Amino acid sequence: MLTTLTAGPAATTTAFLDAFAEHDVAAAVALADPQVALVVHPLGVRAGDRAALQTVLTELTTAFPDLLLTVRRVIVTGDVVTALFTIEGTQAAAYAGVVNQEKHVDLSHAWRFVIEDGVITAVSAYWCQQQLYRRLAVKRFDQVAIVGGEQS
Amino acid sequence: MSASPACAVVTEFFDRYRAHDIDGMTDLFSINADFSYVPFELWGKQRVLRGDGKVGTVGKAIWTGFIASFPNLTNTVHSITGNDDGDVVVEADIAGTQQLAWGFIAPTGQQFSEPHLFVFHVDDGGLIDAVTGYWDNAGISRQLAHNEVD
């Protein structure tokens, strides 16, 4: 388990992060309302739902099968919980249009959750796609499928 | 610091940022306040310049340069939540029209508007002692017609 937070909105969030860290996408997604309002800024997702959340998590854990999630902070501000965490992993399949070159990624994330009655009703995910592209050796935003081989 | 006064201080920060009052912005921070703009990375041949340090040194310089490059820089705060420990989380759009070079991005008169998430901490004296920012630099670069990752 990642944290010892066991009550209130923090408990739901940490349960989500625990499941995500264990690559148990189904368990993570089950904590969200079917109509959860999902926004993933770096991927251009503006009005996603639970199915979209499942896709986001599945693509991450599939492309980076050794994905390691490390929670840095969980900040509770009423019904809003903000999780600051890093993900690390080695690419093993195409992700976000980037072909696999087996590059290693370490990337800081900030996810803002809204929790109502123990259920996740909104998620806004922030990370820098430029940092991701840089680590995956992408050279141009308009040609993400073309990568260089020098960067590690 | 309870939630309401802490949120008020942070709200004042964004008001002053919108007014381009950089000295007024930094007056809201403690003397040694921590600064971290996580996506801020400038990769050179032998070093990486990151947006980490102190508000008085790194933060103020970044804000000054940002406003110089985007003279109509503005912000729209969408949500602000706090707790009694002094933590304040803000979702805000930062927007502007580029007039001068910003990092490796040459000015072409393009506009951008990009969602940001900020985490502040306000100390017992009512001053901000830490700020961390998250956003997607790729989104900003694309809007400014800059397609090179580095």
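The values are calculated or read from the model by the stated rules, or taken from the named source; none is laboratory data. Here the structure is a predicted model, which means the values were calculated and not measured. Cβ: placed from backbone, ideal geometry, glycine included. Neighbour counts: every protein chain shown.
Looking at (1) surrounded by fewer than 19 Cβ atoms within 10 Å (Cβ to Cβ); (2) touching a residue at least 40 places away in the same chain (Cβ under 8 Å); (3) among the aliphatic types (A, V, I, L, M), can you tell me which one B:V122 breaks?
Result: B:V122 fails condition (1) only.
Would it be correct to say that B:T57 is under 18 Å from B:Y17 (Cα atoms) and not in a loop (DSSP other than H, G, I, E, B)?
Spelling it out, B:T57 is indeed under 18 Å from B:Y17 (Cα atoms) and not in a loop (DSSP other than H, G, I, E, B).
Mind checking which pairs have a first residue in the stretch B:43-63 that is within 13 Å of chain A (Cβ to nearest Cβ) and within 19 Å of A:Q130 (Cβ to Cβ) and a second that is surrounded by fewer than 17 Cβ atoms within 10 Å (Cβ to Cβ) and of a type outside the set (F, W, Y), Cβ under 6 Å, 6 or more apart or different chains?
B:W43/B:D150
Are any residues in the stretch A:99-140 assigned to a strand (DSSP E or B), within 10 Å of chain B (Cβ to nearest Cβ) and among the charged types (D, E, K, R), and if so, which ones?
A:R112, A:R140
Identify, please: which residue in the stretch B:133-150 is among the charged types (D, E, K, R) and touching a residue at least 60 places away in the same chain (Cβ under 8 Å) and is, among those, surrounded by the fewest Cβ atoms within 10 Å (Cβ to Cβ)? Spell out the reasoning first.
Taking the stretch B:133-150 and keeping what is among the charged types (D, E, K, R), we get B:136, B:142, B:148, B:150.
Within this subset, residues satisfying the condition of being touching a residue at least 60 places away in the same chain (Cβ under 8 Å) are B:136, B:150.
Numbers: B:D136: 24, B:D150: 15.
So the residue we want is B:D150.
Does the stretch A:144-151 contain any residue that is at positive phi and out of contact with any Cys (no Cβ under 7 Å at 6 or more places or on another chain)?
Of the stretch A:144-151, the ones at positive phi are none.
For the stretch A:144-151, residues at positive phi and out of contact with any Cys (no Cβ under 7 Å at 6 or more places or on another chain): absent.
Name every residue in the stretch B:119-144 that is at the interface with chain A (Cβ under 8 Å from one of its Cβ atoms), over 12 Å from the mean Cα position of the chain (by Cα) and more than 16 Å from B:I62 (Cβ to Cβ), in order of residue number. Let's see the steps before the verdict.
Of the residues in the stretch B:119-144, the ones at the interface with chain A (Cβ under 8 Å from one of its Cβ atoms) are B:119, B:132, B:134-139, B:141-142.
So of that shortlist, the ones also over 12 Å from the mean Cα position of the chain (by Cα) come out as B:136-139, B:141-142.
Hits for the stretch B:119-144 are B:D136, B:A138, B:G139, B:S141, B:R142.
Output the number of residues of the stretch B:83-118 satisfying the condition of being within 11 Å of another protein chain (Cβ to nearest Cβ) and touching a Phe, Trp or Tyr at 6+ places or on another chain (Cβ under 6 Å).
5
Quick one: is A:G89 within 29 Å of A:R140 (Cβ to Cβ), surrounded by 18 or more Cβ atoms within 10 Å (Cβ to Cβ) and modelled with pLDDT under 95? I'd like the intermediate steps shown before the answer.
Details: within 29 Å of A:R140 (Cβ to Cβ): yes; surrounded by 18 or more Cβ atoms within 10 Å (Cβ to Cβ): yes; modelled with pLDDT under 95: no.
No, not satisfied.
Does at least one position in the stretch B:94-104 carry a residue that is free of Cβ contacts under 8 Å to residues at least 12 places away in the same chain and not in a loop (DSSP other than H, G, I, E, B)?
Of all residues in the stretch B:94-104, those free of Cβ contacts under 8 Å to residues at least 12 places away in the same chain come to none.
So far as the stretch B:94-104 goes, no, none of its residues is free of Cβ contacts under 8 Å to residues at least 12 places away in the same chain and not in a loop (DSSP other than H, G, I, E, B).
Within the stretch A:68-86, which residues are closer than 24 Å to A:V98 by Cβ, surrounded by fewer than 19 Cβ atoms within 10 Å (Cβ to Cβ) and touching a helix residue (DSSP H, G or I) at 6+ places or on another chain (Cβ under 9 Å)? Write out each step before concluding.
Keep residues of the stretch A:68-86 that are closer than 24 Å to A:V98 by Cβ, which gives A:68-70, A:85-86.
With the extra rule that they be surrounded by fewer than 19 Cβ atoms within 10 Å (Cβ to Cβ), the set shrinks to A:68, A:70, A:86.
Answer for the stretch A:68-86, where residues must be closer than 24 Å to A:V98 by Cβ, surrounded by fewer than 19 Cβ atoms within 10 Å (Cβ to Cβ) and touching a helix residue (DSSP H, G or I) at 6+ places or on another chain (Cβ under 9 Å): A:L68, A:T70.
Looking at the stretch A:1-92, what strands (runs of 3 or more DSSP E) fall wholly within it and have at least 1 residues that are without any contact (Cβ under 8 Å) to a residue 24 or more places away in the chain and either among the aliphatic types (A, V, I, L, M) or within 14 Å of chain B (Cβ to nearest Cβ) (or both)? Working first, answer last.
Numbers: elements: A:32-40, A:45-48, A:68-77, A:80-90.
Passing ranges, in order: A:45-48, A:68-77, A:80-90.
Can you confirm whether the stretch B:58-72 contains a residue that is exposed (fewer than 15 other Cβ atoms within 10 Å of the Cβ), more than 27 Å from B:L127 (Cβ to Cβ) and of a type outside the set (D, E)?
Yes - at least one qualifying residue is present in the stretch B:58-72.
Hey, A:Y95 hits all of (1) under 21 Å from A:A27 (Cβ atoms); (2) away from every other protein chain (no Cβ under 11 Å) but one; which does it fall short on?
Tallying (1) under 21 Å from A:A27 (Cβ atoms); (2) away from every other protein chain (no Cβ under 11 Å), A:Y95 fails exactly one: (1).
Within the stretch B:70-82, identify whether any single residue is within 11 Å of chain A (Cβ to nearest Cβ) and more than 23 Å from A:V40 (Cβ to Cβ), and answer yes or no.
So far as the stretch B:70-82 goes, yes, one or more of its residues are within 11 Å of chain A (Cβ to nearest Cβ) and more than 23 Å from A:V40 (Cβ to Cβ).
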